[in-house]
1. Which whole-angstrom value gives the distance between the alpha carbon centres of region 1-44 and region 82-117?
2. Counting only Cα atoms, I'd like the Rg/Rh figure for the chain, Kirkwood definition for Rh.
3. For Ser71 and Leu92, calculate 0.36 nm times their separation in residues minus their Cα-Cα distance, and state this gained length in nm to one decimal.
4. Any idea what the relative contact order of the chain is, in percent, if you count C-alpha pairs under 8 Å spaced at least 6 apart?
5. Taking amide H atoms as placed 1.01 Å from N in the peptide plane, list the residues 5 or more away in sequence, or in a different chain, whose amide H sits under 5 Å from that of Val37.
6. Counting only C-alpha contacts under 8 Å and six or more residues apart, can you give the relative contact order of region 56-112 as a whole percent?
7. For the chain, which span is the longest to avoid every loop-located (per DSSP) member of trypsin sites (Lys or Arg not before Pro) having at most 12 other Cβ atoms inside 10 Å?
Amino acid sequence: MPTRKLPEKSEITVIGGGIIGVTIAHELAKRGEEVTVIEKRFIGSGSTFRCGTGIRQQFNDEANVQVMKRSVELWKKYSEEYGFPFEQTGYLFLLYDDEEVETFKRNIAIQNRFGVP
């Protein structure tokens, strides 16, 4: 994998070339900022590479639901902007007992409050 010599100085340096680091660098670059991304191996080689490509919004707390809802919106935007496929297909949870069912119902209420189906 080709690498480049690091610049002697950088106004903005992003440590980590996973999905979060690259997205931050991309958004800053679109605003005209000069950004250096430093990654141990190669872009996307860390935990992003091992994540299984799953993106879900079904969490049990408001903060995670909101962050992931915004994430899905960005994936849709980037899909259109850069021409790669993005398809939401759903998510499956297996519940074992009545307690899990009740917890799941509470989680659904949180998700629905933020427009997550």
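Every read-out reported here was derived from the displayed coordinates using simple, explicitly stated rules and does not represent laboratory data. Computed from a predicted structure; not experimentally measured. When we count neighbours, we look across all protein chains shown, and the Cβ atoms used for this are built from the backbone with ideal geometry, even at glycine.
1. Centre-to-centre (Cα) distance: 33 Å.
2. On the way: Rg = 18.2 Å, Rh = 16.9 Å.
Rg divided by Rh gives 1.08.
3. Working: separation 21, 0.36 × 21 = 7.56 nm, distance 1.93 nm.
Between Ser71 and Leu92, full extension yields 5.6 nm more.
4. Computed over the chain, the figure is 22 percent.
5. Answer set, sorted by chain and number: Val14.
6. On the way: 30 pairs, mean separation 30.9, N = 57.
Reported relative contact order: 54 percent.
7. On the way: sites that count: Arg4, Lys5, Lys9, Arg31, Lys40, Arg41, Arg50.
Longest site-free region, per DSSP loop and neighbour criteria: 51-117.
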